[in-house]
Amino acid sequence: MSIFIPDSETKLYGLLGKTLSHSISPSLHNNGFRDLGLNAVYLMLETKEKNLEEYINSLKTIGFSGWNVTIPYKESIIPYLNGFSSLARASGAVNTVLNRRGRLTGYNTDVIGFQRQIEESGVNLKDKRAVVIGAGGAARAVIAALIQLDLADITIINRTVKNAEELAKLFREENSKQNFDFCSLDEQEYAEVLKAADLVVDTTPVGMYSNNIKNKIVINPNYLHEDQLVIDLVYNPLKTEILKEAEKRGAQIGNGLPTLIYQAEASFKLWTNEMPPKKKWYQIAENAVQMIEEKDDAEVEA
Ligand code: NAP
């Protein structure tokens, strides 16, 4: 394989976040650039919260053509942008930025990615009930997608109940067709809602490798059942505890890999106007997850 050498014409892209060592995005995008013969490169753009404004200004000065945004900047990047797509506006979160001559536009391709994953699951959720666990950036994208998919009832369950309440209020103000509710992670509060849900989406990082969270499942799985679709947005590991428990109870399950691939594909298309090879991206992502697993196991043993 020939080595790619950047030059003065190379277009710069990247992933802006706080801790990025486990990200798969550089492998996907760089592979897409090489496959399509594009003179472009995708880099890790790690910065601390207190330096965010200065860092974004540097990206503009250097001439980055665009970048993805991840934890914890999907909402805090908003004040530094000049415009938004309708989905970024609807979700109140941005995961993709396009720089057109210094004017930064924010998009949310997580919404597109999650919507596509649901559509491809074959489950029709029109007028159905969903439970979304978590109230962060990913939850915003998931809820915006569920609105696009015409669900009737969306309940947000979160550790910090105030965050769930604020999110429910925000979506309620903008969307009169859906019913938005919220509750805490107290089992007595969520038991009945969870049982009644047709779709359960875990948007918390609980269950993810290397996050030092002792409890690997965020809810009591006894309320999951065979008439549900259960999705965990985490993809490392490919089958988290909540998915294992849901599967045991006969539910249809899905990990976060399809959303990851589809959101990356949509960002790639926005930046380059070209489509990367999807099948190959799945393979790359699965190999990358396996490498993360092996690295983590080695670290635990060391
Ligand atoms: P975020 O904005 O930091 O939000 C995290 C949410 O999880 C918050 O609601 C937080 O609750 C909750 N949470 C965190 N730790 C918890 C714990 N130990 N117990 C219970 N709840 C906990 O993060 P995000 O951007 O939404 O991302 C969340 C996860 O989704 C990450 O693992 C990320 O990798 C994944 N994700 C995947 C994709 C994909 O393409 N598959 C896309 C986006 C995100 P509080 O409000 O109480 O803090």
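The values are calculated or read from the model by the stated rules, or taken from the named source; none is laboratory data. The model shown is predicted, which means the values in this text are computed figures rather than measured ones. With ideal geometry, Cβ positions are generated from the backbone for all residues, glycine too; neighbour counts draw on all protein chains shown. Each accessible area value is taken on the protein alone, full model and side chains, heavy atoms only, with ligands, DNA and RNA left out. Shrake-Rupley method; radii C 1.70, N 1.55, O 1.52, S 1.80 Å.
Some points to look at:
- Within the chain, helix-based [θ] at 222 nm, where runs of 4 or more DSSP H residues each add -39,500 (n - 2.57), nearest 500: -13000 deg cm²/dmol
- Ranking Asn108, Ile133, Thr10 by how far each Cα lies toward the positive end of the dipole of the chain (charges on Cβ) leaves Thr10 at the top.
- In this structure, the residue pairs whose Cα-Cα separation is over 27 Å, taken from Lys11/Lys280; Lys239/Lys269; Lys239/Lys280, are Lys239/Lys269.
- Relative contact order for the chain, counting Cα pairs under 8 Å that sit 6 or more residues apart, in percent: 15
- Amide H contacts for Met208 (H built 1.01 Å from N in the peptide plane; partners 5 or more residues away or on another chain; cut-off under 5 Å): none found.
- Å² of accessible area per residue within the chain, as computed with a 1.4 Å probe and no ligands counted: 49
- Euclidean distance of C-alpha centroids, region 177-193 and region 50-77, integer Å: 35
- All-pairs alpha carbon distance profile, region 79-168, 5 Å steps from 0, percent: 3, 14, 22, 21, 17, 12, 6, 3, 1
- Euclidean distance between Cα centres, region 127-171 to region 213-266, Å: 17
- Note that region 83-91 has calculated 3J(HN,Hα) couplings of x, 9, 6, 5, 6, 5, 5, 5, 8 Hz, one per residue in order, obtained from phi through the Karplus relation 6.51 cos²θ - 1.76 cosθ + 1.60 (θ = phi - 60°); glycine and proline are x.
- All aspartates and glutamates inside 20 Å of Lys195 as judged from Cα atoms, apart from same-chain residues fewer than 8 positions distant: Asp127, Asp153, Asp181, Asp186, Glu187, Glu226, Asp227, Asp232, Glu241, Glu245, Glu247
- Taken over the chain, the percentage of Cα pairs per 20 Å bin, counting from 0 up to the bin with the maximum distance, is 33, 58, 9, 0.
- Packing-based ranking, highest mean first, of 92-100, 271-279, 124-132, 285-293 given that Cβ atoms within 10 Å are counted: 92-100, 124-132, 285-293, 271-279
- Computed log₁₀ I(q)/I(0) - Debye formula, equal Cα scatterers, no solvent, region 154-245, q 0.14, 0.19, 0.22, 0.23 Å⁻¹: -0.53, -0.95, -1.19, -1.26
- Above 19 Å, the calculated P(r) of region 237-298 contains 47 percent of its Cα-Cα pairs.
- Taking a ≥ b ≥ c as the square roots of the eigenvalues of the Cα gyration tensor, region 1-75 is classed as oblate, since a/c reaches at least 1.5 and a/b does not exceed b/c.
- In order along region 222-236, the phi-based Karplus estimate (6.51 cos²θ - 1.76 cosθ + 1.60, θ = phi - 60°) of 3J(HN,Hα) comes to 5, 8, 7, 7, 5, 8, 10, 9, 10, 10, 10, 5, 5, 10, 10 Hz; Gly and Pro are listed as x.
- Under the convention that each Lys and Arg Cβ holds +1 and each Asp and Glu Cβ holds -1, the size of the dipole of the chain around its Cα centre is about 900 debye.
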